[in-house]
Amino acid sequence: MPSLFDPITIGAIEAPNRIFMAPLTRTRATPAHVPTDLMIEYYRQRAGAGLIISEATGISRQGLGWPSAPGLWTDEQVEAWKPVTEAVHTAGGRIVAQLWHMGRLARPDVTGLQSLSSSATRAPYHDPDKNPYDTARPATLDDIRQTLDDYAAASRNAIRAGFDGVQVHGANGYLIDQFLRDGTNLRDDDYGGSPENRIRLMREAVERVIAEVGADRTSIRLSPNGETQGADDSDPASVFIPAAKVLNDLGIAFLELREQAPDGTFGKTDVPKLSPQIRQVFKGPLVLNQDYSKEAGQADLDSGVADAIAWGRLFIANPDLPERFRRDAALNPPNPKTFYAPGPEGYTDYPALDGLEAARV
């Protein structure tokens, strides 16, 4: 079986190792959702990843309700992404853009608009008296058509900006996940009810991305087990296994799964992982994420359930994570207080091994 340090072909991309960087919202863009110069250095430092999956990046003003997260719907945003992708490529790396529509989690105080979702539901918040979310407006067929157009346009913009491909964000309780799950999708039209209907928006979004960038540069992230940000399903196997079969038939470059566990640090669940069953129907590269150690990641490669592993918080604190894994070196601990803070602290100032640049493996 392959090791974490072996190369892997994922569609059109030749990744030099199987230690991927998971998408990580860091809020270092401008209030107008334009990437900043600070982001150039951040991504360049982490170019030793087999593949960088960018932070979640908005496809439209309607869909991006997170302060200082980047977008890909304006020319200014595209131009600001270009030096980021160029820096990654110059450092020997590969990077794909994760495309984001937050659905009911898009905060009206950020967008200036009522949020849009599968149904008229409101996301929960840890302090109900300060809940920044509103009750979403159920998407009309015109809304769905516009959203699909936005995915297509953002995909074109990603390639213009120099990204090597695109990942559709279909996980974590955001728009596509809100359509997939029966706890948030209460529709009775062709986009609701049966699992086949609830899968439809995901399928159509991926098809539109494929039409723009090719299946070999298209991927998606799903979170098939357990509740996340108030989104849940009564029978996740009935929707996510057929969804994986649809994605297999579309021939996408890879599928990434964020799976929760009973002892997870960001989300806990007793709902069993579906990756072994999804592995049976999705024959392309399968990338797994969530609370992995180096040893656990290698074990899942050895078992054949995964082809690569994506790390998030470890890449925040260790820009040279692949080289640290290779040397069995100590890891810098991440500082959660600076995950979403502005400026370089906790962003570009984590030390690499021996004070040197992150190694390229």
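Annotations
- Sequence ranges 220-226, 60-66, 163-169, 271-277, ranked by mean other-Cβ count within 10 angstrom, highest first: 163-169, 220-226, 60-66, 271-277
- Each residue of the range 271-286 was assigned a 3J(HN,Hα) from its phi angle through the Karplus curve 6.51 cos²θ - 1.76 cosθ + 1.60 (θ = phi - 60°); the sequence is 5, x, 5, 9, 4, x, 6, 5, 4, 6, 10, 9, 9, x, x, 10 Hz, with glycine and proline shown as x.
- Amide H contacts of Val168: Leu99, Ser219, Ile220, Arg221, each under 5 Å away and 5 or more positions distant or on a separate chain (H built 1.01 Å from N in the peptide plane; Pro and chain starts excluded).
- Only the Cβ atoms of Lys and Arg (+1) and of Asp and Glu (-1) were treated as charged; on that basis the dipole of the range 24-180 about its Cα centre amounts to roughly 220 debye.
- Alpha carbon centroid spacing (whole Å) that separates the range 306-324 from the range 1-19: 14
- Per the Cα gyration tensor, the chain maps to an equivalent ellipsoid with semi-axes of 29, 23, 20 Å, ordered largest to smallest.
- Note on the range 215-361: Cα Rg divided by 2.2 N^0.38 Å, N the number of residues, gives 1.16.
- Evaluated over the range 198-342, the count of Lys pairs having alpha-carbon atoms less than 27 Å apart is 9 (only pairs 8 or more residues apart or interchain).
- Centroid-to-centroid separation of the range 266-293 and the range 108-167 [C-alpha atoms, Å]: 25
- For the range 28-89 and the range 181-229, distance of Cα centres in Å: 24
Bear in mind these aren't lab numbers, they're just calculated from the coordinates by the rules spelled out. What you see is a predicted model; the values in this text were computed from it and never measured. Note that each Cβ is placed from the backbone with ideal geometry, even for glycine, and that neighbours are counted across all protein chains shown.
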